1. Taking the Cα centre of the range 161-208 as origin and charging only Cβ (+1 Lys, Arg; -1 Asp, Glu), how large is the dipole, in debye to the nearest 20?
2. Under 5 Å between amide hydrogens, which residues at least 5 positions from V226 or on another chain qualify, with H placed 1.01 Å from N in the peptide plane?
3. Around L320, under 15 Å between beta carbons, what's the net of Lys plus Arg minus Asp minus Glu among the other residues?
4. Counting only GluC sites (Glu not before Pro) that are in a DSSP loop and have at most 13 other C-beta atoms within 10 Å, tell me the longest site-free stretch of the chain.
5. Could you pull out the longest piece of the chain with no exposed loop trypsin sites (Lys or Arg not before Pro) in it, calling a site exposed if DSSP puts it outside H, G, I, E, B and it has at most 11 other Cβ atoms within 10 Å?
6. Taking every pair of distinct Cα atoms and averaging 1/r, then inverting, what Kirkwood hydrodynamic radius in Å comes out for the range 206-324?
7. Nearest 10 degrees is fine. How inclined is helix 158-173 to the longest principal axis of the chain, computing both from alpha carbons?
8. Could you work out how far helix 272-283 tilts from the main Cα principal axis of the chain, as a 0 to 90 degree angle to the nearest 10?
Amino acid sequence: MAGRRGPDHSGRAITAFLLAATLAAVCVGQAPRTPACSLARGELTVEDLPAGSSVRDCPVVGRVVTHDGAGLAVPEPGTTVSVDSLTADGSAHGFTLTVAADGTVSYAYEAHTEAVRGSRADAPAPCADSAYATAGRKAYGTYEWFLGDGHWPGGISRAGARRAFEEAVATITASRNDCGLDDRVAAKARYLSTTSSKADIDRETRCMRPDGLSVWDAGDLGGDAVATTCSWSRPAPGGGPEELLEADVRFNTHDHAFTDDPSGACTAAYDLRSVATHEAGHVFGLAHSGAGHENLTMFASSFACSTSARTLGKGDVLGLRTLY
């Protein structure tokens, strides 16, 4: 008696074999995927990552891009980051990096100005100078900021630093000036507390990845910068200037001396409140006023031992009025 035959799997086996052979042929014939861009490790320059590049194609978010002695960590799509430095000689070399929502990279460069060589006396008086420049961003709500926990410029106490910085910020929000211009600026700010967090600025004047806290502190920025502001913003829902997300400020206590009370004995120290007022101007969206406008608060140098930048010039006020 013949035995019973089990199920015939030969057709299924042949089908599986043919499918596997087909897939193998496809994989063998498929060209290997190549990355859309190939970048060396380490810092990049704006030439390495030119305008029009895409962070969707190049995994560069968080990597530092440098230009003219300053640097910015590439932000997430839909974000802009800017670096603005107050320098000892008045030369300006900040820049801005924007990553659009679709990942496209673009830049804006501050016009480079030469060092100041005694031209302040030839510039218009602060109340006669209407020049200003804005950075394309503003604080739509209340700018809330923290005080770092490190050593402070001029050897002042933490409480003294808080008072000096609050005064500087209030000069911007209230558009304080000696020109008889009334306050039409609706900017607002509030000090929150001290924090162990640091400003997201490194010792080479580079804006690193933001942590969501706006911190004012002191440290090393490299020899050229007296103080630096790093700002992060995003497009405003209704258009117009971008919405400020975070703004950090650092004073360069490693390379420069500061004082909160300049006197006749002052020779090379920077007035803390003058510098802080200038940096607060950047926080609220003002850019540098440029060469030929050395007597405005937003000129790229506050000048050692001078307290003139503690109050705003006409152009500084007009710039704030266009934003607020």
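Bear in mind that the values in this text are calculations on the coordinates, not laboratory data. Because the structure is predicted, anything quoted here is derived from the model rather than measured. Ideal geometry is used to build each Cβ from the backbone, glycine not excepted, and the neighbour counts take in all protein chains shown.
1. Roughly 200 debye, rounded to the nearest 20.
2. Answer set, sorted by chain and number: L86, T87, A88.
3. Here the count lands on +2.
4. Looking at the chain, 115-324 is the longest stretch - no exposed GluC sites (Glu not before Pro) with at most 13 other Cβ atoms within 10 Å.
5. Free of exposed loop sites, the longest segment is 185-324.
6. On the way: mean 1/r = 0.0657 Å⁻¹.
This gives a value of 15.2 Å.
7. 90
8. Value to nearest ten degrees: 40.
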